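The values are calculated or read from the model by the stated rules, or taken from the named source; none is laboratory data. Since the structure is predicted, the reported quantities are computational estimates derived from the model, not experimental observations. Cβ placement follows ideal geometry from the backbone for every residue including glycine, while neighbour counts extend to all protein chains displayed. Remember, those area values only see protein heavy atoms, side chains included, never the ligands or the DNA or RNA. Shrake-Rupley method; radii C 1.70, N 1.55, O 1.52, S 1.80 Å.
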Amino acid sequence: MVEGSMRSIVLTKGVPDFSEGAVSFDEDGHLERGKTPTVMNPNDGFAVRAALQTKVRHGGHVSGMSMGPPGYADVLKEAMGSVYTDDSYLLSDRELAASDTWATAITLSAGLEKYQEEVGEIDLVFAGFKSADGETGQTGPQTAWAMDWPIVTHVLALDIDPDERTLRAKRLVEGDRDEIETVEAPLPCFVVTDPEFQPTYRKASHRLTHKRLRAETEERAADHDDHLTTWSQEDLNLDPDYIGLDGSPTIVSSVDPIPKAPSEREATMVDPDEETEMSEVLEEMQPYAAGAGD
Amino acid sequence: MTEYEHYEAVVVGCGPGGAAAAARLADHGVETLVLERGTEAGSKNVSGGLIYAEESAPYTIDDLFEGFREEAGERPVTDYHIHNIAENSVKTYDLSDLHEDDTDWCDAVLRRKMDSWLERRVHEKTSETGGGVLTNVRVNGLLRDGGEIVGVTCDELDPIKADLIVGADGVNSELARDAGLMDWEEPDEWFQGVKAVVDMEPDVIDDRFDIEPDEGAAHLFSGDLFEDVRGGGFLYTNEDSLSIGTVFHLDSLVEQEAEPHELLDALLTHPLLAQWVRDDYHEREYAAKLVPDSKKVAHEEPYRDRLVLVGDAAGQMQAQGPIIKGMNHAVTAGALAADAFVVTRGNTDSEAVGRRYAQMLEKSGTMDKLRPRRYEISRTLGERDAVTNVVERVLESPVGSVAIGNPIANRLLKRAYNSPFLVSMLPDTKTGYVTLPSIIGEEHGRSIHWENEIEPPTLEERIGDLTYDTDIGNPHIELRDESVEASGAAVHACPVSAEDFGGGCYRSETVATNGSEETLVSLDTQPCIECGTCAVVADTDWEHPRGGKGVEYREG
Ligand SMILES: Cc1cc2nc3c(=O)[nH]c(=O)nc-3n(C[C@H](O)[C@H](O)[C@H](O)COP(=O)(O)OP(=O)(O)OC[C@H]3O[C@@H](n4cnc5c(N)ncnc54)[C@H](O)[C@@H]3O)c2cc1C
Ligand code: SF4
């Protein structure tokens, strides 16, 4: 097979397994993270499908990347099983614990920078759409912003032109079901898929590739550790002041024990297209971004 | 013409015919893509089934797939009997001679296990050529360029071009129909097979059939237990289950307005069955499928342009008296088609491969097994009602019965049954299927008084136990004519429909139309098991469901 030139990253995160029987809360209604198993954010599944479609159609290399405790290696292994990633990168350090989305975005962008320096130039970053533990879906856009790369959200269908180094996406305008537009963006680019994203494989050769990748990945995922690289805070050269709990401007006061209900917390919702709101956030973020860059 | 994907060979269907063709093509290094509509090969297929390896055949399945018998088969048949039944009186003949004639080996198989095993082997082999097997893909027609067949079109994929297209898509082949090589018009060209797979522990099988763990039994049943419907029943032992079923001439089912599930139940509840199955009867699966009668439909020239048909798609299903041979011929034909392609490769005449393939079928003696010349002669006799009636009247008269009933006749009859020559000449009349066996049963048989405790499930329970992935809002069969005259036969003949049963596919309904009452036929394809019957007996637009949709057999 001809190896394509595309290089993609799928960002995934672990979330507590909220399914019946798996999730555990303490007396005060706090989620017991230690007792609740971690699984891949179900919504990242959509990102994963888009990354897989790109790999099947254009070949190339897909890496999974996640920030979290060492246990998140299982999440990356799960991604390897479903997106057929070639390898995994885990950004994991005690210092990174309790990061909010901004601190996570800074850390992830540092991870992407290091990846570019040490592994290869990235063409596409796929991120999921909101996570099942009540996160707001900001990590993707915030990481894109920190990288200064374009981002296309609410993507329903994706076409890539590796020669022209552009992508063309069908997306829901403002996440609205009724309004669909087609946009073009240069690579490298962030892609946030909509849960409605449908990969299409209408060529026999694509389906055969898909089948071959599945068979190969089954073997690879069985010894996932051999394909896992862990980077610590030191590896990433991050200033501890700007990461982890210390670097997180968002305070979460409590999490509602009902899995699907919205969490009670004080978070500022920012519309990335709203210029004034956005620039306030950008100002606030300036120091973190600088910290990640060097 | 638009740029389409191209493969050297595209094989449609991964049953024994398609698997053999693809394996042989891959052995020759031909880039081969196999398209199968089931979610896994075997999930759509039903056989009785005994797969034969004939000594005279140019290819057998274990030639092409090493380890087939150990890994894909059930028990070898070491014990073969036919039972002639007249009510409770049964005369049993050992059928070993007929069974063993030209037989290297013969094993019982279950199609899901067998075909999915073949699919994996075929995928391994064809992957090496740059192709492979894709499941969940239904080919819906032929791709043509200026009237010439150059590839296939699919529900799930863009059109694909190929130098060779192997139509191994089984009975009710949509490719054969599209190419104008087969039609689905005449009920007398088909049989309908119905079968139940029944749970039984291996040691219980050994005990009740008096066989060793590496042995197997086959029993056939004919006579008056199916009333006047022409056909018979079978029972084969698998590793840990039994396959029990019936095969009837479709025209006879239609004429007699018989209900296929009731005929199966007539076999299951006959006292004879009580020796093997007790009140522990548990049915794993109910299944049905049409079976072509090669004597009438095996195509002499099963090709058009680059398309060649193999197996059931070409009508290559031989009913050798009571013995049914379809899988083995599909294997032979598939492998021959592959060889024909390789020797004619590079020939600018696109039909060179088809002509060579037809020659090979002829030369290998396969065609004469499928369409014995002697049958063509006896058929004209047997089908002349006058002749049949005379024979029947003689048989039914005391003189005739006595003649059959005397000891010499007993010996001769056993020999006649075991003669491949004679059984292939039996005309398709009631005489061979019903009259003769019941007279034999009555005159020579012994009465059995075993109490049969089997309680077969109802049709509703049978449907309820099946697995479906329904293509909601996209029915694969459409009724063209709702009148009873055009489509009413399906209410009986559809194996998952019955008069007065509201949960089946075909129903007859009385509707009031301005004052007068009219009976109309309606169709709900949800419980359909894709047997193909109504494509022949009703006026429909008939297609298979999209890839992966519809019924999914676990046993087959
Ligand atoms: C009840 C019963 C008992 C039988 N007993 C015996 C027996 O004992 N011994 C024996 O040798 N034979 C027996 N037969 C006959 C035997 O099953 C057939 O002759 C044999 O299966 C033919 O093989 P094939 O490869 O031609 O077709 P099939 O085995 O029917 O395979 C066709 C394949 O093509 C696929 N397909 C169909 N249409 C499409 C499409 N449009 N696109 C993609 N894929 C498609 C199907 O899913 C299937 O996998 C019996 C049949 C029945 C019904
Ligand atoms: S609807 Fe037609 S194809 Fe389906 S099970 Fe009934 S007779 Fe067979």
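I want to confirm something. Restricting to the range B:298-335 and keeping residues that are β-branched (Val, Ile, Thr) and within 12 Å of ligand 1 (Cβ to nearest atom), which single residue is nearest to the other protein chains (Cβ to nearest Cβ)?
B:VAL310
Please go through the range B:273-297 and pick out each residue that is of a type in the set (Gly, Ala, Ser) and within 15 Å of ligand 2 (Cβ to nearest atom).
Listed by number, the residues that qualify are B:ALA287, B:ALA288.
For the range B:512-519, does any single residue satisfy the condition of being surrounded by fewer than 18 Cβ atoms within 10 Å (Cβ to Cβ), among the β-branched types (Val, Ile, Thr), in contact (Cβ under 8 Å) with a residue 24 or more places away in the chain and more than 16 Å from ligand 1 (Cβ to nearest atom)?
Among the residues of the range B:512-519, at least one is surrounded by fewer than 18 Cβ atoms within 10 Å (Cβ to Cβ), among the β-branched types (Val, Ile, Thr), in contact (Cβ under 8 Å) with a residue 24 or more places away in the chain and more than 16 Å from ligand 1 (Cβ to nearest atom), which makes the answer yes.
Here are some residues: B:GLY556, B:GLY547. Which one is within 14 Å of chain A (Cβ to nearest Cβ), in contact (Cβ under 8 Å) with a residue 40 or more places away in the chain and within 15 Å of ligand 1 (Cβ to nearest atom)?
Testing whether each residue is within 14 Å of chain A (Cβ to nearest Cβ), in contact (Cβ under 8 Å) with a residue 40 or more places away in the chain and within 15 Å of ligand 1 (Cβ to nearest atom) leaves just B:GLY547.
Quick check, is B:SER89 closer than 21 Å to B:THR246 by Cα and more than 14 Å from every other protein chain (Cβ to nearest Cβ)?
Yes; evaluated as a whole, the condition is true for this residue.
May I ask you to say which residue of B:ALA20, B:ALA41, B:ALA57, B:ALA9 is within 14 Å of another protein chain (Cβ to nearest Cβ), touching a residue at least 12 places away in the same chain (Cβ under 8 Å), under 18 Å from B:ALA314 (Cβ atoms) and of a type in the set (A, V, I, L, M, F, W, C)?
On inspection, the qualifying residue turns out to be B:ALA9.
For the range B:29-38, give me each residue that is touching a Lys or Arg at 6+ places or on another chain (Cβ under 9 Å), more than 9 Å from ligand 1 (Cβ to nearest atom) and more than 14 Å from chain A (Cβ to nearest Cβ).
Passing the criteria: only B:VAL30.
Could you figure out which of (1) in contact with a helix residue (DSSP H, G or I) (Cβ under 6 Å, 6 or more places away or on another chain); (2) within 14 Å of chain A (Cβ to nearest Cβ); (3) within 13 Å of ligand 1 (Cβ to nearest atom) isn't true of B:LEU118?
(2)
Answer with yes or no whether B:ALA217 is farther than 28 Å from B:ILE463 by Cβ and either surrounded by 18 or more Cβ atoms within 10 Å (Cβ to Cβ) or modelled with pLDDT under 95 (or both).
yes
In the range B:39-69, which residues are near ligand 1 (Cβ under 9 Å from one of its atoms) and touching a helix residue (DSSP H, G or I) at 6+ places or on another chain (Cβ under 8 Å)?
B:ALA41, B:GLY42, B:SER43, B:ASN45, B:VAL46, B:SER47, B:GLY49, B:ILE51, B:TYR52, listed by residue number.
Restricting to the range A:199-218, and then to whatever is more than 15 Å from A:HIS58 (Cα to Cα) and more than 10 Å from chain B (Cβ to nearest Cβ), can you tell me which residue is least open to solvent (accessible area, probe 1.4 Å)?
A:THR217
Go through A:THR229, A:THR166, A:THR139, A:THR153 for me and flag whichever is closer than 23 Å to A:TYR115 by Cβ and either within 14 Å of another protein chain (Cβ to nearest Cβ) or touching a helix residue (DSSP H, G or I) at 6+ places or on another chain (Cβ under 6 Å) (or both).
From the options A:THR229, A:THR166, A:THR139, A:THR153, the qualifying one is A:THR139.
What single numbered condition from (1) basic (Lys, Arg); (2) surrounded by fewer than 14 Cβ atoms within 10 Å (Cβ to Cβ); (3) not in a loop (DSSP other than H, G, I, E, B) fails to hold for A:LYS35?
In the conditions (1) basic (Lys, Arg); (2) surrounded by fewer than 14 Cβ atoms within 10 Å (Cβ to Cβ); (3) not in a loop (DSSP other than H, G, I, E, B), A:LYS35 misses (3) alone.
Which number in (1) out of contact with any Ser or Thr (no Cβ under 7 Å at 6 or more places or on another chain); (2) within 10 Å of chain A (Cβ to nearest Cβ); (3) open to solvent by less than 50 Å² (accessible area, probe 1.4 Å) marks the one condition that B:ALA168 misses?
Among (1) out of contact with any Ser or Thr (no Cβ under 7 Å at 6 or more places or on another chain); (2) within 10 Å of chain A (Cβ to nearest Cβ); (3) open to solvent by less than 50 Å² (accessible area, probe 1.4 Å), B:ALA168 violates only (2).
All but one of (1) within 14 Å of chain A (Cβ to nearest Cβ); (2) within 24 Å of B:PRO213 (Cα to Cα) hold for B:GLY73; state the number of the condition that does not hold.
Failing condition for B:GLY73: (1).
Looking only at the range B:298-330, filter to residues that are aliphatic (A, V, I, L, M) and under 13 Å from B:GLY167 (Cα atoms); which one of those is farthest from ligand 2 (Cβ to nearest atom)?
Of everything passing the filter in the range B:298-330, B:VAL308 is farthest from ligand 2 (Cβ to nearest atom).
How many residues, within the range B:147-158, are at the interface with chain A (Cβ under 10 Å from one of its Cβ atoms) and assigned to a loop (DSSP other than H, G, I, E, B)?
The total comes to 3.
As an exercise: evaluate B:LYS289 against (1) basic (Lys, Arg); (2) surrounded by 24 or more Cβ atoms within 10 Å (Cβ to Cβ); (3) more than 10 Å from ligand 1 (Cβ to nearest atom) and give the number of the one condition it does not meet.
(3)
Looking at the range B:408-421, I want the residues that are free of Cβ contacts under 8 Å to residues at least 60 places away in the same chain and have a partner that is surrounded by fewer than 16 Cβ atoms within 10 Å (Cβ to Cβ) with Cβ atoms under 7 Å, at least 6 apart or on another chain. Which pairs are those?
Listed by first residue and then by second, the contacts come to B:ALA409/B:ALA403; B:ALA416/B:LEU422.
Got at least one residue in the range A:84-94 being within 24 Å of A:THR200 (Cα to Cα), open to solvent by less than 10 Å² (accessible area, probe 1.4 Å) and not in a strand (DSSP E or B)?
The answer is yes; a qualifying residue exists.
Which number in (1) modelled with pLDDT of 90 or more; (2) surrounded by fewer than 19 Cβ atoms within 10 Å (Cβ to Cβ) marks the one condition that B:ALA490 misses?
(2) is the only condition that B:ALA490 fails.
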